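The values are calculated or read from the model by the stated rules, or taken from the named source; none is laboratory data. Not measured: the values here are computed from a predicted model. Note that we place each Cβ from the backbone using ideal geometry, even for glycine, and neighbour counts take in every protein chain shown. Note: accessible area is taken over every heavy atom of the protein model, side chains too, but ligands, DNA and RNA are not part of it. Shrake-Rupley method; radii C 1.70, N 1.55, O 1.52, S 1.80 Å.
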Amino acid sequence: AISLASLGEMAAGAAHEMNNPLAVVCGRAQLLAAKITDAAMKQEATLIAQQGDRLSQIITDMMEFAKPQPPRMAALDFGQVVTEAVNAASERAAGSGGGGGQVNVKVEIAPGIPSGTGDGRQIKNAVAEVVLNAIQAAQAADAESSRHPNESNGGKTSFGVLVQARFDALDSQVIVQITDRSAGMSED
């Protein structure tokens, strides 16, 4: 019988080995994109490189999930981390080809958020996942609204995502609130 630890080590080794040929594919696609003059072909080569990089990041994330790294504490600009998370989520939503259409994401960073310490990458990834979920929910709500144009949407004129960050001085914490205008989850 294979132990869970052995299985995890084997999976981590396999993931590492997958990243090696993937790096070659991405590198060659980038070289092709740089050499190609036809705009449509250049776009296709660039897409291959971008999706290869995305796959590499997914593999890296899976390896980190299997064997989490301790947080790398450093000075943070929380507004910048939130902005980078929104950009990353928007790029992932656009690159996923979900067909839900473009969703307007508004970012409001309140003034006066002090710098702090934390693992910027982990915070960025966590916020990006929630923002991506909100974008996908807004896309689904927008698609549903377009299928039923005569039904009331509860006074909502458009779907989108609002990301707000502020400092709560009373509790000495940064609060990031992500709101989408979809119907939300059912009680079940």
## Note on the structure
Over the range 117-140, the set of residues open to solvent by 30 Å² or more (accessible area, probe 1.4 Å) and of a type in the set (Asp, Glu) is Glu129
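Going residue by residue through the range 57-75, is there one that turns out to be closer than 30 Å to Pro111 by Cβ and among the small types (Gly, Ala, Ser)?
Filtering the range 57-75 down to residues closer than 30 Å to Pro111 by Cβ leaves 71-75.
Restricting the remaining residues to those that are among the small types (Gly, Ala, Ser) gives 74-75.
Yes, because at least one residue in the range 57-75 is closer than 30 Å to Pro111 by Cβ and among the small types (Gly, Ala, Ser).
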### In the range 161-181, residue modelled with the lowest pLDDT [restricted to those that are crowded, with 19+ Cβ neighbours inside 10 Å and not hydrophobic (A, V, I, L, M, F, W, C)]
Arg181
